[in-house]
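Enquirer: Below is the structure I would like to discuss, written out as structure tokens.
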């Protein structure tokens, strides 16, 4: 049987979790945080930024 994955695409943050047995395990992002800002941005060169990196660009 495959894994059961839950994705919460919130207006401020997003979270991904998997069901392991009877336990839910939240998957941290590459920065180690369980929460990822729900932000996508593009650089002047067309590169896509997601999460914290995109949020930082929006502030600058």
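Read the figures in this text as sums done on the coordinates, not as results from a lab. Please read these numbers as outputs of a predicted model, since none were measured by experiment. For neighbour counting, all protein chains shown are included, and Cβ atoms are generated from backbone atoms with ideal geometry for every residue, glycine included.
Enquirer: Can you say whether residue 17 is surrounded by 15 or more Cβ atoms within 10 Å (Cβ to Cβ) and not in a loop (DSSP other than H, G, I, E, B), as far as the supplied structure shows?
Expert: Working: surrounded by 15 or more Cβ atoms within 10 Å (Cβ to Cβ): yes; not in a loop (DSSP other than H, G, I, E, B): yes.
Yes: the conditions hold for residue 17.
Enquirer: Please go through segment 26-57 and pick out each residue that is part of a strand (DSSP E or B) and either without any contact (Cβ under 8 Å) to a residue 12 or more places away in the chain or within 9 Å of the chain's Cα centre (by Cα) (or both). Walk me through it before giving the result.
Expert: Taking segment 26-57 as the starting set, the residues that turn out to be part of a strand (DSSP E or B) are 26, 36-37, 40-42, 48-50.
Passing the criteria: 26, 36, 37, 42, 48, 49, 50.
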